[in-house]
Amino acid sequence: MSHANAALTPRHRLRIARLIVDEGWTVVAAAHMFNVSWPTANRWAQRYAAMGVAGMDDRSSRPHRSPNKTDQQLVRKIVHLRWKKRLGPVAIGGKLGLSASTVHAVLVRCRLNKLHHVDVRTGEVIRRYEHATPGAMIHVDVKKLGKIPDGGGSRYVGRQQGNLNIRATAGRPKNNKRGRVAGITFVHTVIDDHSRIAYAEVHANETADTAVGVLRRAVSWFAARGVTVERVLSDNGPAYVSHLWRDACNELGIKPKRTRPYRPQTNGKIERFHRTLADGWAFGKFYNTDSARNNALPGWLHEYNHHRPHTAIGNRPPMSRLTNVPGQYN
């Protein structure tokens, strides 16, 4: 292989080969001139005579045949255990009586040594999708958060002080897991499938009336930015399977769709948004009251929609996909 200290680079291989083949030099004379061995000079001369200039490049050292290559039936078993069980080379080798290095070589050859493109639970190849235009599909869901007691929660002030704050907070639930919960906040979230533009509201419940109200206001919010909602995708929560939700969608001219039960991957964009919401807003800083956190939500959403780069859309903010829509930054 050619390297910085190689005696013959591809260019010099060509020179020595031409001296021998085209100009009639002896192999000994050419080898002496380039300070290489006779077999080296002869090899490149023969390669040049047979293949021309293309023969001067390095060739793969891979053998033409591998009589000890892992049997295809074993390869299928390795792939099956990797996909369906997500086992590593050591575990697979233990089941099949193979060395871990052999299993790893098979996984590399089959491009299964890393599982980032395989679903964690089902083992199926991940199929990513994105609707072509804003509003073609919006995702809706509810994120549940524990309320922050007056004075701050245990995440920032510690468990002992957090429990004291919960007991001192007015209006806390009576039956709340030994005083560790101040109540539940329901964040109703909406995200556009194409642009990832997000809309969210904080409420005290997740009933159908509340979910329908959020949908109506979200549709109006998107319409003000030039986006017409055509479909809405939800999970199978009670609010989204209700007749009230169905009737509201019909009234708004939206086609309701639901994910398969126990398949949150289908609604993955909003599931991932909930992680971002939690890290960036809900738990991103210290709030001494629950209302302080709720009041910070609109500012964080503006930052998310208008300024925060999103890796799924080329490291641009979601609103950048509405560049031709008048009033997009209102």
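The values are calculated or read from the model by the stated rules, or taken from the named source; none is laboratory data. Note that the structure is predicted; figures quoted are calculated from it, not measured. For neighbour counting, all protein chains shown are included, and Cβ atoms are generated from backbone atoms with ideal geometry for every residue, glycine included.
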task = Would you please list the contacts, defined by Cβ atoms under 6 Å and residues six or more apart or on different chains, that run from a residue in the range 101-112 that is assigned by TED's automatic domain parsing to the domain that holds LYS84 to a residue that is buried (at least 17 other Cβ atoms within 10 Å of the Cβ) and among the hydrophobic types (A, V, I, L, M, F, W, C)?
result = VAL103/ILE78; VAL103/ILE92; VAL106/ILE78
Qualifying residues in the range 290-316 (those that are in a helix (DSSP H, G or I) and under 20 Å from the mean Cα position of the chain (by Cα)) - the one surrounded by the fewest Cβ atoms within 10 Å (Cβ to Cβ) = THR311
request  = State whether the residues of the range 231-242 include one that is in a helix (DSSP H, G or I) and either under 20 Å from the mean Cα position of the chain (by Cα) or surrounded by fewer than 16 Cβ atoms within 10 Å (Cβ to Cβ) (or both).
outcome  = no
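Here's the yes/no breakdown for (1) polar (S, T, N, Q); (2) surrounded by 13 or more Cβ atoms within 10 Å (Cβ to Cβ); (3) within 18 Å of TYR129 (Cα to Cα); (4) within 26 Å of the chain's Cα centre (by Cα):
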residue	(1), (2), (3), (4)
LEU252	no, yes, no, no
ARG263	no, yes, yes, yes
ILE270	no, yes, yes, yes
TRP281	no, yes, no, yes
task = Sort out which residues of the range 190-224 are of a type in the set (Phe, Trp, Tyr), touching a residue at least 40 places away in the same chain (Cβ under 8 Å) and more than 22 Å from ALA292 (Cα to Cα), and write them in order of number.
result = PHE222
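With respect to ALA50, determine if the residue is surrounded by 16 or more Cβ atoms within 10 Å (Cβ to Cβ) and at pLDDT 90 or above. Walk me through how you get there before you give the answer.
Numbers: surrounded by 16 or more Cβ atoms within 10 Å (Cβ to Cβ): no; at pLDDT 90 or above: yes.
So ALA50 fails the test.
Tell me yes or no: at least one residue of the range 191-212 is aromatic (Phe, Trp, Tyr) and within 20 Å of ARG275 (Cβ to Cβ). Spell out the reasoning first.
Initial filter on the range 191-212 (aromatic (Phe, Trp, Tyr)): 199.
Next, from what is left, pick out any that are within 20 Å of ARG275 (Cβ to Cβ): 199.
Looking through the range 191-212, at least one residue is aromatic (Phe, Trp, Tyr) and within 20 Å of ARG275 (Cβ to Cβ).
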message = So, in the range 18-45, exactly how many residues are under 12 Å from ALA7 (Cα atoms), in a helix (DSSP H, G or I) and among the polar types (S, T, N, Q)?
response = 1
note = Of the listed residues (SER291, SER320, SER234), the one being more than 24 Å from ARG216 (Cβ to Cβ), in contact with a helix residue (DSSP H, G or I) (Cβ under 8 Å, 6 or more places away or on another chain) and hydroxyl-bearing (Ser, Thr, Tyr) is SER320
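If I go through the range 23-45 residue by residue, how many of them are loosely packed, with under 15 Cβ neighbours inside 10 Å and of a type in the set (S, T, N, Q)? Show your work before the answer.
Of the range 23-45, the ones loosely packed, with under 15 Cβ neighbours inside 10 Å are 23-24, 26, 28-29, 32-33, 35, 37-39.
If we keep only those that are of a type in the set (S, T, N, Q) as well, we get 26, 35, 37.
Residues flagged as loosely packed, with under 15 Cβ neighbours inside 10 Å and of a type in the set (S, T, N, Q) within the range 23-45 amount to 3.
Check the range 104-118 and report whether any residue there is hydrophobic (A, V, I, L, M, F, W, C) and in contact with a Leu (Cβ under 7 Å, 6 or more places away or on another chain). Give the steps one after another, and end with the answer.
Residues of the range 104-118 hydrophobic (A, V, I, L, M, F, W, C): 105-108, 110, 112, 115, 118.
If we keep only those that are in contact with a Leu (Cβ under 7 Å, 6 or more places away or on another chain) as well, we get none.
No - not one qualifying residue is present in the range 104-118.
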ask   = Taking the range 316-330 on its own, how many of its residues are under 21 Å from ARG128 (Cα atoms) and at pLDDT below 85?
value = 0
remark   = ILE126 vs (1) surrounded by fewer than 14 Cβ atoms within 10 Å (Cβ to Cβ); (2) at pLDDT 75 or above: all pass except (2)
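From the list GLY94, GLY162, GLY152, GLY135, exactly one residue is surrounded by 11 or more Cβ atoms within 10 Å (Cβ to Cβ), small (Gly, Ala, Ser), under 26 Å from ALA278 (Cα atoms) and at pLDDT 75 or above. Which is it?
Details: GLY94 fails: under 26 Å from ALA278 (Cα atoms); GLY162 fails: at pLDDT 75 or above; GLY152 fails: at pLDDT 75 or above.
Exactly one of GLY94, GLY162, GLY152, GLY135 is surrounded by 11 or more Cβ atoms within 10 Å (Cβ to Cβ), small (Gly, Ala, Ser), under 26 Å from ALA278 (Cα atoms) and at pLDDT 75 or above, namely GLY135.
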